[in-house]
Amino acid sequence: MHAGVVIGWVHKPAAFIIEKRLGRGKLVATTFRLHQEAPDVDPLATALYDGLLALATRP
């Protein structure tokens, strides 16, 4: 489990990232709200989304 609890200026409180192996694949889930605005409006959301994609494609 990857977890992050951020309070304050980041505006993404109590969000988590979970990675679970399922057979030969895996599931990556998050409670971060990354699609509330248009892409590239929120640089933090863009960086987190890119990181989640990298985590999901990592062997």
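Points worth noting:
- Per-residue SASA entry for GLU19, accessible area with 1.4 Å probe, Å² rounded to 10: 50 Å²
- Positive end of the dipole of segment 16-59 (Cβ unit charges, origin at the Cα centre): among ILE17, PRO59, LEU34, the Cα lying farthest that way belongs to PRO59.
- Spin-label model distance (nm) - LEU53 vs LYS26, 7 Å beyond Cα toward Cβ: 1.8 nm
The values are calculated or read from the model by the stated rules, or taken from the named source; none is laboratory data. Model, not experiment: these values are computed from the prediction. Cβ coordinates were reconstructed from backbone atoms using ideal geometry, including for glycine residues, and neighbour counts include every protein chain displayed. These accessible areas exclude ligands, DNA and RNA; they are computed on the full protein's heavy atoms, side chains included. Shrake-Rupley method; radii C 1.70, N 1.55, O 1.52, S 1.80 Å.
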